[in-house]
Amino acid sequence: MNATSPSPRKLRVATVSLAGCFGCHMSLLDIDERLFDLVERVEFDRSPLTDIKTVGAVEPCDIGLVEGGLCNAENVEVLRAFRARCTVLVAVGACAITGGLPALRNHLDVGDVMQSVYGRVPDDPELPLPLNRVLPIHEVVRIDHALPGCPPPADAFWQLLQDLMAGRTPVPAPGLIRYD
């Protein structure tokens, strides 16, 4: 009888997009055919590749990737729940790390902006309450790593995931980081 060793447990990876353009997720998907190699080693939880709506519903995730900053109360709520269900949290891209382009409104009064855009301040319970300023995610939750760029290129995502799967501290190679 030939005993086979059990295959190693796949890491659970989840992603979420907050106040951003979804460019970081598109860059992650740009790892192209390497996705096939990746799914041999990870199981995707909430991500653009699944239809899972809540992170870690079955079990906590090993790695959480967050793109986008925080512009409203709903973003904060989603981020806190995401952080609670992810062992390692990575701020991905300029918006998650610094607030990015959405933070350009930080020098403006939110009420004045609403008045100017809508002609009034919307008063609808379905709309999330805007924050007075756009926040990077580290101002609300603890992050473990950051992957800079706007967006980080696919090769930077690949290197980050390879490092995390190998138990190494990810250090993005300077040539991989860009701001397009």
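Listed by first and then second residue, the pairs with beta-carbon distance under 7 Å, at least 6 apart or on different chains, first residue in segment 93-116 and touching a residue at least 40 places away in the same chain (Cβ under 8 Å), second aliphatic (A, V, I, L, M) and part of a helix (DSSP H, G or I), are Cys95/Leu101; Ala96/Ile137; Gly100/Ala94. Filtered by the rule that a residue be open to solvent by less than 50 Å² (accessible area, probe 1.4 Å) and of a type in the set (Gly, Ala, Ser), segment 26-59 gives Ser27, Ser47, Gly56. Scanning segment 14-25 for residues that are crowded, with 20+ Cβ neighbours inside 10 Å and touching a Cys at 6+ places or on another chain (Cβ under 9 Å) turns up Ala14, Thr15, Ser17, Leu18, Ala19, Gly20, Gly23, Cys24. Restricting the first member to segment 14-38 and to residues that are more than 14 Å from Phe157 (Cβ to Cβ), and the second to residues that are open to solvent by 20 Å² or more (accessible area, probe 1.4 Å) and of a type in the set (Gly, Ala, Ser), the beta-carbon pairs closer than 7 Å and six or more apart or on different chains are Gly20/Gly100.
Within segment 73-82, is even one residue touching a helix residue (DSSP H, G or I) at 6+ places or on another chain (Cβ under 9 Å) and farther than 18 Å from Pro48 by Cα? There is no residue in segment 73-82 that is touching a helix residue (DSSP H, G or I) at 6+ places or on another chain (Cβ under 9 Å) and farther than 18 Å from Pro48 by Cα. Candidates Asp144, Asp163: the one that is closer than 30 Å to Val42 by Cβ and in contact (Cβ under 8 Å) with a residue 24 or more places away in the chain is Asp144. Give me the residue from segment 25-76 that is touching a Ser or Thr at 6+ places or on another chain (Cβ under 8 Å) and part of a loop (DSSP other than H, G, I, E, B) and, out of that set, farthest from Ile143 (Cα to Cα). Within segment 25-76, the match that is farthest from Ile143 (Cα to Cα) is Pro48. Considering only segment 134-164, state which residues are of a type in the set (A, V, I, L, M) and not in a helix (DSSP H, G or I). Of everything in segment 134-164, those that are of a type in the set (A, V, I, L, M) and not in a helix (DSSP H, G or I) turn out to be Val134, Leu135, Val140, Val141, Ile143, Ala146, Leu147. Only residues that are open to solvent by less than 40 Å² (accessible area, probe 1.4 Å) and touching a Gly at 6+ places or on another chain (Cβ under 8 Å) were counted in segment 141-175, giving 6.
Based on this model, can you work out whether Leu131 counts as assigned to a helix (DSSP H, G or I) and open to solvent by less than 90 Å² (accessible area, probe 1.4 Å)? For Leu131, the condition - assigned to a helix (DSSP H, G or I) and open to solvent by less than 90 Å² (accessible area, probe 1.4 Å) - is not met. Taking interchain pairs and intrachain pairs at least six residues apart, which have beta carbon atoms under 6 angstrom, with the first residue in segment 169-180 and over 19 Å from Ile63 (Cβ atoms) and the second of a type outside the set (Ser, Thr, Tyr) and open to solvent by 40 Å² or more (accessible area, probe 1.4 Å)? Correct list of pairs: Tyr179/Cys150. In segment 102-128, of all residues being assigned to a loop (DSSP other than H, G, I, E, B) and acidic (Asp, Glu), the one that is modelled with the lowest pLDDT corresponds to Asp123.
The values are calculated or read from the model by the stated rules, or taken from the named source; none is laboratory data. Because the structure is predicted, anything quoted here is derived from the model rather than measured. Note: ideal-geometry Cβ built from the backbone for every residue, glycine included; neighbour counts use all protein chains shown. When the accessible area is computed, the model is the full protein with side chains, heavy atoms only, and any ligands, DNA or RNA have been set aside. Shrake-Rupley method; radii C 1.70, N 1.55, O 1.52, S 1.80 Å.
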